[in-house]
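*Asks:* Dropping the structure in here first, questions after.
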Amino acid sequence: MTGTTMKKIAIYGKGGIGKSTTTSNVSAALARLGYKVMQIGCDPKADSTKNLMRGKRIPTVLDQIREKGDDLKVEDIVFEGYHGILCVESGGPTPGVGCAGRGIITAFEKLEELKAYEIFKPDVVLYDVLGDVVCGGFAMPIRGGYAQDVYIVSSGEMMSLYAANNIAAAIKNFGTRGYAKLKGLILNSKNLENEREIVEKACEEIGTQIVEVIPRCADIQFSENQGCTVFEAMEASQMKEPYKHLAAQMVTGV
């Protein structure tokens, strides 16, 4: 399917809410549908793509810039994972020195400078972005003309909905300038009492809707313990269905 217009999607969420798990499984679903996918982790922890790399952490863009300087090549920062998915981790600054948001900006600039998008020609680029703080760097995928669509991963827990509200406010702030649009909220279930109703009410207040419900299931933990997505670790898992459905919505817009 290479050769179509590149679709760029940002997936935001509070740390620990399961956005990297969601993003990796959506990447796997898209790859299985025949799309050429690039997943870019925008979190200083640099663990977005590990379940596409059999649990292995890849060198980050910032680490490679520090180590190789002007000798840096595109193959030093883009790695091929499960089903040909192209994996990138922006990384973060040396602990205690510098700004994590600035690290994302530097990583994005380096990918452009090395013409990564032209070389690999992905059909879909997924940015996996930490949403606890929506400062300049973390807002880069929204405001820099990178992502066209934004999805927020949340549960019914108060702090994840608080973060979702902040992210939605940032998107609305930039929306008047023709930047990314909020497409909806992905409910990553924690099996809380009345969770769906709580999240639906929050969506009404935010002005969006639930686009997919990801059930809580032990298959996810089992797969992650193998360093994989459910698509690689558990061929028969029913958990593949919500991710496939979500992936199809993301690329078709329906």
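*Asks:* Hey, any hits in the stretch 10-28 for a residue that's part of a helix (DSSP H, G or I), touching an Asp or Glu at 6+ places or on another chain (Cβ under 6 Å) and small (Gly, Ala, Ser)?
*Replies:* Yes, because at least one residue in the stretch 10-28 is part of a helix (DSSP H, G or I), touching an Asp or Glu at 6+ places or on another chain (Cβ under 6 Å) and small (Gly, Ala, Ser).
*Asks:* Determine whether the stretch 213-229 contains at least one residue that is among the acidic types (Asp, Glu), farther than 24 Å from GLY101 by Cβ and assigned to a helix (DSSP H, G or I).
*Replies:* The answer is yes, given that some residue of the stretch 213-229 is among the acidic types (Asp, Glu), farther than 24 Å from GLY101 by Cβ and assigned to a helix (DSSP H, G or I).
*Asks:* Can you tell me which residues in the stretch 198-234 are more than 30 Å from LYS181 (Cβ to Cβ) and under 19 Å from the mean Cα position of the chain (by Cα)?
*Replies:* Within the stretch 198-234, GLN221, SER223, GLU224, GLY227, CYS228, GLU232 meet the criteria.
*Asks:* Hey, does the stretch 112-127 have a residue that's small (Gly, Ala, Ser) and either under 26 Å from ILE167 (Cα atoms) or free of Cβ contacts under 8 Å to residues at least 40 places away in the same chain (or both)?
*Replies:* no
*Asks:* Identify, please: which residue in the stretch 77-127 is part of a loop (DSSP other than H, G, I, E, B) and in contact with a strand residue (DSSP E or B) (Cβ under 8 Å, 6 or more places away or on another chain) and is, among those, surrounded by the most Cβ atoms within 10 Å (Cβ to Cβ)?
*Replies:* Across the stretch 77-127, the extreme among qualifying residues is SER90.
*Asks:* Filter the stretch 57-97 down to the residues that are under 21 Å from the mean Cα position of the chain (by Cα) and hydrophobic (A, V, I, L, M, F, W, C) and list them by number.
*Replies:* Within the stretch 57-97, ILE58, VAL61, LEU62, VAL74, ILE77, VAL78, PHE79, ILE85, LEU86, CYS87, VAL88 qualify.
*Asks:* Tell me which residues, restricted to the stretch 230-241, are without any contact (Cβ under 8 Å) to a residue 12 or more places away in the chain and in a loop (DSSP other than H, G, I, E, B).
*Replies:* GLU235, ALA236
*Asks:* Give the residues of the stretch 9-47 that are of a type in the set (S, T, N, Q) and buried (at least 24 other Cβ atoms within 10 Å of the Cβ), sorted by residue number.
*Replies:* SER20, THR22, THR23, SER24, ASN25, SER27, GLN39, listed by residue number.
*Asks:* Can you tell me which residues in the stretch 36-56 are assigned to a loop (DSSP other than H, G, I, E, B) and under 16 Å from the mean Cα position of the chain (by Cα)?
*Replies:* LYS36, ASP43, PRO44, LYS45, ALA46, ASP47, SER48, THR49, MET53
*Asks:* Can you name every residue in the stretch 176-225 that is among the small types (Gly, Ala, Ser) and more than 25 Å from THR49 (Cβ to Cβ)?
*Replies:* GLY178, ALA202, GLY207 - these are the residues of the stretch 176-225 that are among the small types (Gly, Ala, Ser) and more than 25 Å from THR49 (Cβ to Cβ).
*Asks:* Can you tell me how many residues in the stretch 120-148 are out of contact with any helix residue (DSSP H, G or I) (no Cβ under 6 Å at 6 or more places or on another chain) and modelled with pLDDT of 95 or more?
*Replies:* Qualifying residue count, the stretch 120-148: 5.
*Asks:* Test each condition in (1) part of a loop (DSSP other than H, G, I, E, B); (2) under 24 Å from ALA169 (Cβ atoms) for ASN191 and report the one that comes out false.
*Replies:* Going through the list (1) part of a loop (DSSP other than H, G, I, E, B); (2) under 24 Å from ALA169 (Cβ atoms), ASN191 breaks only (2).
The values are calculated or read from the model by the stated rules, or taken from the named source; none is laboratory data. These numbers were taken from a predicted model, which means no experiment stands behind them. Heads up, the Cβs are rebuilt from the backbone with ideal geometry, glycines too, and the neighbour counts pull from every protein chain shown.
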